[in-house]
1. Please return the ranges of helices (runs of 4 or more DSSP H) entirely within the stretch A:1-76 where 3 or more residues are farther than 24 Å from A:Glu156 by Cβ and of a type in the set (Asp, Glu).
2. Do you know which of the residues in the stretch B:31-69 that are assigned to a loop (DSSP other than H, G, I, E, B) and out of contact with any helix residue (DSSP H, G or I) (no Cβ under 9 Å at 6 or more places or on another chain) is surrounded by the fewest Cβ atoms within 10 Å (Cβ to Cβ)?
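Just so it is clear, none of the values below were taken in a lab; they were calculated from the coordinates. Computed from a predicted structure; not experimentally measured. Neighbour counts are summed over all protein chains in view; Cβ atoms, including those assigned to glycine, are modelled from backbone coordinates with ideal geometry.
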Amino acid sequence: MEERDDKTLIESILAGEQGDFALLLERYQKLVIHLVARMVPRASDREDLCQEIFLRIYRSLGEFQYKSRFSTWVAAVAHNTCINYLQKKRVPLYQDLAAGSEEEDEEVRRVEWVPATEASPLARAEAGDLRETLQREIEALPLHYRTILTLFHLEEMNYAEIGEITGLPEGTVKNYLFRARRVLRDRLTAHYPVEATS
Amino acid sequence: MTDHLRDAELQLYLDHQLADRAKLDHLRGCPFCQERLDAYEPLFAALTSAPAWQPSPALPEKVMRKIRRDTLGPLHENLLHSILIIGGLIMALSLSLPYLRPAEYVEEARKMRLPEINLSWEWLRELNFLPRLAEMSNRIALPVNSILMFAGALLLVLLADQLITFARGHQPPRSR
């Protein structure tokens, strides 16, 4: 059977075919789950929040203007609902990571290369173990970084879309993304012991 | 010597967004930059793995159930509301019906020589409505008793229905 596109489904739901919402729900379930899992630290609240997000999407479906992709709008509803929840729970929203890597970057640009005597510790790490450690390290990052990493790497959204969802300027999204990945690389490298190669 | 790539440029390369040809050429021929790139590659691969948390498989059904309940509206929200409404109507009718005796009313009205209705201010003043109503309700069983009983019982049922709705935190669907 031919798959109906988002617009057809939305129009059908607005015309009263509420059962079609199950198809939209199935299509965007992963996006909502990923965002909620990364933004909300308390696991016991996540399921209720997912339900609330989908109900909000259903109730305000008529407000979707088709000016962006539907996935961007869904992510924005999910993001705002999570932010409201976190504000109610008094979870700090605006922590930051230390920026200062520009000078280090300048030094690196002029360095003379000496062949490494050690293999990259991340390249040697077992993939499953690396993923598990990475999830823990992501959870330790401030909220904006976790959100941006999720939208960029899991949902394959671009800087403009992420900016629209989070309300941050595109340049800030880009900076946060680079900073988060650099911090993760450093923390993971520190996590795995360096072994000398023969 | 061409400058090595900045950290952000290495990340851009891994995002497939580095377009500067000179930098791409440098990266291909520079073992130092390649080494730094190698340190990022496993991280980028692992970043595409989803968080471990999963909701219960019943999540879609729970959402759809809430949506169905949402669409039906507060008075028909569930069985309890239906029972309340039907039960309330039966109670209201059984309380009010014994008072409804139209034949007796017509006879008593004839005896009392009630004025003809013409709906003018003069008529209303002449009617002296409230004292007359009190007098009539003392003497005969009027349909007004029946109506008041019915309305009272219905009001109680609606009040109970709204209280239950409020206690459950029900939100009616937004009109579209």
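1. Numbers: elements: A:6-14, A:21-39, A:43-59.
Passing ranges, in order: A:43-59.
2. The first filter runs over the stretch B:31-69 and keeps only residues assigned to a loop (DSSP other than H, G, I, E, B), leaving B:47-58.
Subset that is out of contact with any helix residue (DSSP H, G or I) (no Cβ under 9 Å at 6 or more places or on another chain): B:57-58.
On the way: B:Pro57: 7, B:Ala58: 10.
Ranking the qualifying residues of the stretch B:31-69, first place goes to B:Pro57.
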